[in-house]
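See structure below.
The values are calculated or read from the model by the stated rules, or taken from the named source; none is laboratory data. The structure presented is a predicted model; accordingly, all values stated were derived computationally and were not measured. Every residue, glycine as well, gets a Cβ built from its backbone with ideal geometry; the counts of neighbours run over all protein chains shown. These accessible areas exclude ligands, DNA and RNA; they are computed on the full protein's heavy atoms, side chains included. Shrake-Rupley method; radii C 1.70, N 1.55, O 1.52, S 1.80 Å.
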Amino acid sequence: MHLHEYQAKNLFLEYGIPVAPGRPAHSVEETLRCARELGGEQWIVKAQVHAGGRGKAGGIRAVRGLKELEQAARELLGKRLVTRQSGPAGQPVHCVLVQEIQEITRELYLAVLVDRGSRRIRVIASPCGGMNIEEIAAEQPEHIHQVGVHPGTGLLNYHAAALAFQLSLDKQQRVQWCAILRALYRLFLEKDLGLAEINPLIVDEQGRLLALDAKVSVDDNALFRQAALAEQGDPSQEDECERAARAFDLNYVALEGNIGCMVNGAGLAMATMDIIKLHGGEPANFLDVGGNATVERVTEAFKLISAAPLVRALLVNIFGGIVRCDLIAEGIIQAVREVGVRTPLVVRLKGTRVTQGRELLAQSGLNITLAEDLDEAARKAVAAAGAAD
């Protein structure tokens, strides 16, 4: 679960991490009030969305005077911001952060994240923070410095000190850096985070380090013990289908293809997506109905995968281990009739009571194409999607 920047900065303040002063606003009037409270004549207005790349997409604006501030707020609030991470539909902007303009002498990068490859928490730092950090990482990897934290020892003082020297910080800045990194690491552990990122971490004219931006992601599996953070989630930033799927314990991720997939088991779902691409198709989603699929869940799954506007074919790939194939077939029949699915539907069933399940589908009178194996199912789904286009 992601937090908005202003929410992440509130967490930073709790842990003693210095941030640039700012206030969230949900209306034009509130935006103007926040600016007056902050004082000055120049501010930064930042759209609050769960997507990176806001600056290059026009979601972060420097303004001078209340008139420019009002215009920026009107242009952002209530609109959708399209960034390189948001997808073509963009993310709705219901809140902006009004922030004091800071004089910047340097922009650094700092992140703490889970490195699944090494099964450790990893600290990443760079002397080249800012909007182009992705390009820096790809084109100048020598400017990206990393430390893997051993779970038995945790973050040690020399980790922070070594990174500070690699960033060419002076003595005063090294002290600040070490304090910020220790605080960020403690926040990461205590709040069950998957990512805590500061980009940029600036050095101002007085030599102080400040978090100019903040990105925080909480591990979904730990939300049961992070109730205060869970309440800060913003459903408007989530894909509608993904939000609806969660209500029925369905694991759903929207993609940009035209073949809707319903599969039981994450591994089988990934294999299904791979073989669709192997045959020249593009999956429209990842959808795992789980091993205990019921008629109700199958029905909801059909609603999800058939509702996407780009979907031209549906592929159901079920292995009946815990759940019987005849029960899955009954669910498919009921769902197709209830939802009124008109999209070409390819079904592949294997496992317990597969013969009975296939007979139910064949005798249903519905326009369902059966497949013996996954390769055949993928080929037929790709062909059906191509014919529909």
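Ordering of 180-191, 253-264 by packing is 253-264, 180-191, highest average first (other Cβ atoms within 10 Å, averaged per residue).
At 1.4 Å probe size, with the rest of the protein present, what percent of the exposed accessible area of the range 139-190 is carbon and sulfur atoms?
Numbers: 1580 of 2890 Å².
About 55 percent, which is the carbon plus sulfur part of the accessible surface.
Taking the charge dipole of the range 293-337 about its Cα centre, with +1 at Lys and Arg Cβ atoms and -1 at Asp and Glu Cβ atoms, the residue from Thr294, Leu327, Asn317 reaching farthest to the positive side is Asn317.
The heavy atoms of Glu338 offer some 110 square angstrom of accessible surface to a 1.4 angstrom probe. Residue pairs exceeding 31 angstrom between C-alpha atoms, taken from Lys9/Lys171; Lys79/Lys303; Lys67/Lys171; Lys277/Lys303; Lys215/Lys277: Lys67/Lys171; Lys215/Lys277.
Note on the chain: antiparallel DSSP beta bridges, both residues inside, total approximately 70 percent of the bridges counted. Relative contact order for the range 181-298: 18 percent, from Cα pairs under 8 Å spaced at least 6 residues apart, divided by residue count. Electrostatic tally near Ser217: other residues with Cβ closer than 12 Å to its Cβ, Lys and Arg +1, Asp and Glu -1, net -2.
Straightening the chain between Arg120 and Gln166 buys 14.4 nm, computed as 0.36 nm per residue apart minus the Cα-Cα spacing. Using C-alpha pairs below 8 Å separated by at least 6 residues, the relative contact order for the chain is 12 percent.
Given a 1.4 Å probe and every protein chain left where it sits, what share in percent of the accessible area of the range 231-389 is carbon and sulfur? Exposed carbon and sulfur together represent 51 percent of the surface.
What ranking, highest mean first, results for peptides 29-37, 143-151 when packing means the other Cβ atoms within 10 Å averaged over each residue?
Details: 29-37: 16.9, 143-151: 15.0.
Ranked by mean Cβ neighbours within 10 Å, highest first: 29-37, 143-151.
In straight Cα distance, which aspartates and glutamates are under 19 Å from Lys380, not counting same-chain residues fewer than 8 positions off? In chain and number order, the partners are Asp274, Glu282, Glu372, Asp389. For the chain, the solvent-accessible area works out to 47 Å² per residue, with a probe of 1.4 Å and every protein chain left in place.
Taking all protein chains together and a probe of 1.4 Å, list Phe286, Phe165, Phe12, Phe224 from the most accessible to the least accessible. Walk me through the numbers on the way to the answer.
Working: Phe286 35, Phe165 130, Phe12 0, Phe224 160 Å².
Result, largest first: Phe224, Phe165, Phe286, Phe12.
Under the classification rounded if a/c is under 1.5, otherwise prolate if a/b is larger than b/c and oblate if not, where does the range 8-165 fall, given a ≥ b ≥ c as square roots of the Cα gyration tensor eigenvalues? It would help to have the intermediate numbers written out before the result.
On the way: a/c = 2.19, a/b = 1.79, b/c = 1.22.
Here the range 8-165 falls in the prolate category.
Element breakdown for the range 1-135 at a 1.4 angstrom probe: carbon and sulfur atoms account for 49% of the accessible area. Of the residues Gly130, Ala362, Ala211, the one whose Cα sits farthest toward the positive end of the charge dipole of the chain, with +1 on the Cβ of Lys and Arg and -1 on the Cβ of Asp and Glu, is Ala211. In the assembled protein chains, Tyr158 presents an accessible area of approximately 140 Å² (probe radius 1.4 Å). Applying 1/(1 + (r/R0)^6) with r as the Cβ-Cβ distance of Leu156 and Leu223 and R0 = 35 angstrom yields a FRET efficiency of 0.75. Annotation: Thr294 carries an accessible surface of approximately 60 Å², with a 1.4 Å probe and no ligand, DNA or RNA atoms counted.
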